[in-house]
1. Determine which member of the set 157, 181, 189, 210 is among the charged types (D, E, K, R) and touching a residue at least 24 places away in the same chain (Cβ under 8 Å).
2. Quick check on this structure: which one of 510, 528 is in a helix (DSSP H, G or I) and within 26 Å of the chain's Cα centre (by Cα)?
3. Scanning for something out of contact with any strand residue (DSSP E or B) (no Cβ under 6 Å at 6 or more places or on another chain) and surrounded by 14 or more Cβ atoms within 10 Å (Cβ to Cβ), does the range 342-351 turn up at least one residue?
4. Would you check if residue 304 is among the aliphatic types (A, V, I, L, M), open to solvent by 30 Å² or more (accessible area, probe 1.4 Å) and either touching a strand residue (DSSP E or B) at 6+ places or on another chain (Cβ under 7 Å) or under 30 Å from residue 123 (Cα atoms) (or both)?
5. Could you list, in sequence order, the residues of the range 445-471 that are assigned to a loop (DSSP other than H, G, I, E, B), farther than 14 Å from residue 503 by Cα and without any contact (Cβ under 8 Å) to a residue 60 or more places away in the chain?
6. In the range 445-464, which residues are β-branched (Val, Ile, Thr) and open to solvent by 10 Å² or more (accessible area, probe 1.4 Å)?
7. With 158, 168, 188, 192 as the choices, which residue is open to solvent by 70 Å² or more (accessible area, probe 1.4 Å), more than 24 Å from residue 430 (Cα to Cα) and not polar (S, T, N, Q)?
8. Can you find, within the range 532-555, the residue that is farthest from residue 444 (Cα to Cα) among those that are outside any loop (DSSP other than H, G, I, E, B) and either open to solvent by less than 20 Å² (accessible area, probe 1.4 Å) or among the polar types (S, T, N, Q) (or both)?
Amino acid sequence: MAAEIIVPVLGESITSAVVSKWLKQPGDSVCADDAVVELETDKVNVEVSAPIAGIVGQYQVAVGDEVSVGTLLVTIHDATDVGALDPVVSVAPVVETEVQKASLAEVTDYDLIVIGAGPGGYVAAIRAAQLGMKVACVEKRSTLGGTCLNVGCIPSKALLYASEQYEAVQTQFENLGVIVKDVQLDLAKMQAHKQSVIDANVAGVEFLLKKNKITWLKGTATITAPGHVSIDDTIVTARSILIATGSESVSLSGVEIDEKQVVTSTGALALEKVPEHLVVIGGGVIGIELGSVWHRLGAKVTIIEYFDRLLPGFDKEVSLTFAKILEKKGISLKLAHKVEKIEKEGSQLQLTITNTAGDKTEHLSADVVLVSVGRRPITHGLGLEALGVPLDDKGRIKVNSQFQTNIAGIYAIGDVITGPMLAHKAEEEGVAVAELLAGQKPHVNYDLIPSVVYTDPEIAMVGKTEEVLKADSIDYTIGKFPFSANGRARAMNKTDGFVKILADKRTNKVLGVHIIGPHCSEMIAEIVLAMNFGASAEDIALTCHAHPTLTESIKEAALGTQKRSIHL
């Protein structure tokens, strides 16, 4: 007696699924209800079980195949008549022909080698392993996780959170009736907290690689030929290679980084004492976040920005509002200024700065200077020039719409290709490459990659800014709601900022959302989800939001696009 396993009904509106993983191999013995195959849809992942005990027959579909409800996946044979019904499970020895032997000799070590174990790389590796590929991940650091987990996103958020609590004890608690005396800073302990967070996260990534049977190849990788990677002079082979090597900080011409006094973000995260005066060169996300950390801990902070406002690329109104808040907190801003030179005099650094008009010169003295003027892709040493893989004028690897270079089988994602240098963008691309290799049809919507600044107040945005809409001659309406009119924000004593929704004037479709205020890094996900489904502002307004919550400000702003805000 045999029993067929078919694609079951997975939901009212689901007509097909993708075979994501075989959990049993042909010839395996199974009991009734043992999971045999995993199917994946946009909404659910389902394990399909054996209806009877028996022997797994030959697969009728492969990993990555899209299958309709009712499609035969595999047959489970009764152990007593398996020889008659399914020759694939016969234990007779296999006789190899000369052609088969030659083919086996050319089999690669891996289906996919990922170079770089940052968020883009390790996520790509995991997704590829889930899809049944044999995967290796190359990482030259002693720990996994790349810049983000080791010296970027994660440690900076640990210090941002800790420093925010330190500042709150001194400046905010008393207003809430909490009196704390003799508040002291233990910077060594704060740095130890940061390190414990790093350690936990990188250990978690290592666990995930082991769980998914991904090989960690430790060392520096060079692609010597299509399908061939040299790792510290040892050659390994793969059907596909994915470059996910990330980016590194850039400096100014003539400025030498020592990571002690003249530092990048890496050095700024590891300072052993609070600077007397920290000068930040660059008013982008990284500079503002790290400047905020050290200002909260007691440093005088000056931010020098070449453009006439902070956070170029963010909504102008948000940027101007944020600048006023920073100045109110005591951070000095030198907008439309540039650094001409930095000289060391004793224990101090002397900076000469000029305004961009060139008619005003100033001199600043600092004990630490943070250079935060951008990042560049890490592509050196990969062997790309010898292979003939072209780069663009910013040093980014040129790829097509499927992330493939001009060399078949070599792909690239994340900071080494065009687009915002954001960990979550790299992750989406990593998943997309893995699914493309498995024959699926993934999609990354670059119009809906959110950006966040983790300061106090936070800033979050997704979609178009007013400046872009005006340049594109798109008519739009604005719905804006201040946190000062939100009950939860008042209760938290966090009333700075607002939610601004930009909607198409004719259709009311949401085109962009810009938030400055408390916890908006968490709030922006609602907007991204809505925009992914093509929502109008009215769709958001018609959605019941719990009271009292900060997210009610999103609903009110959505109502405001049609001049219907209730609490304003």
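1. Numbers: 181 fails: touching a residue at least 24 places away in the same chain (Cβ under 8 Å); 189 fails: touching a residue at least 24 places away in the same chain (Cβ under 8 Å); 210 fails: touching a residue at least 24 places away in the same chain (Cβ under 8 Å).
Answer to the check: 157.
2. Details: 510 fails: in a helix (DSSP H, G or I).
After ruling out the rest, the residue left standing is 528.
3. As a first pass, look at the range 342-351 and keep what is out of contact with any strand residue (DSSP E or B) (no Cβ under 6 Å at 6 or more places or on another chain): 344-347.
Remaining after also requiring surrounded by 14 or more Cβ atoms within 10 Å (Cβ to Cβ): none.
No, the range 342-351 contains no residue that is out of contact with any strand residue (DSSP E or B) (no Cβ under 6 Å at 6 or more places or on another chain) and surrounded by 14 or more Cβ atoms within 10 Å (Cβ to Cβ).
4. Details: among the aliphatic types (A, V, I, L, M): yes; open to solvent by 30 Å² or more (accessible area, probe 1.4 Å): no; either touching a strand residue (DSSP E or B) at 6+ places or on another chain (Cβ under 7 Å) or under 30 Å from residue 123 (Cα atoms) (or both): yes.
No; evaluated as a whole, the condition is false for this residue.
5. Start the filter on the range 445-471 by keeping residues that are assigned to a loop (DSSP other than H, G, I, E, B), which leaves 445, 449-450, 454-457, 464-465.
When the remaining residues are screened for being farther than 14 Å from residue 503 by Cα, the result is 445, 449-450, 454-457.
The one that is assigned to a loop (DSSP other than H, G, I, E, B), farther than 14 Å from residue 503 by Cα and without any contact (Cβ under 8 Å) to a residue 60 or more places away in the chain: 449.
6. We begin by selecting, within the range 445-464, every residue β-branched (Val, Ile, Thr); these are 449, 452-453, 455, 459, 462.
Within the range 445-464, 449, 452 qualify.
7. On the way: 158 fails: open to solvent by 70 Å² or more (accessible area, probe 1.4 Å); 168 fails: open to solvent by 70 Å² or more (accessible area, probe 1.4 Å); 192 fails: open to solvent by 70 Å² or more (accessible area, probe 1.4 Å).
After applying the criteria, what remains is 188.
8. Of the residues in the range 532-555, the ones outside any loop (DSSP other than H, G, I, E, B) are 532, 536-541, 552-555.
Imposing the further condition that a residue be either open to solvent by less than 20 Å² (accessible area, probe 1.4 Å) or among the polar types (S, T, N, Q) (or both) reduces the set to 532, 536-537, 540-541, 553-554.
Details: 532: 11, 536: 21, 537: 23, 540: 23, 541: 27, 553: 28, 554: 25 Å.
Taking the candidates together, the pick is 553.
The values are calculated or read from the model by the stated rules, or taken from the named source; none is laboratory data. Here the structure is a predicted model, which means the values were calculated and not measured. Methodologically, a virtual Cβ is constructed for each residue, glycine included, from the backbone with ideal geometry; neighbour enumeration extends over all protein chains shown. When the accessible area is computed, the model is the full protein with side chains, heavy atoms only, and any ligands, DNA or RNA have been set aside. Shrake-Rupley method; radii C 1.70, N 1.55, O 1.52, S 1.80 Å.
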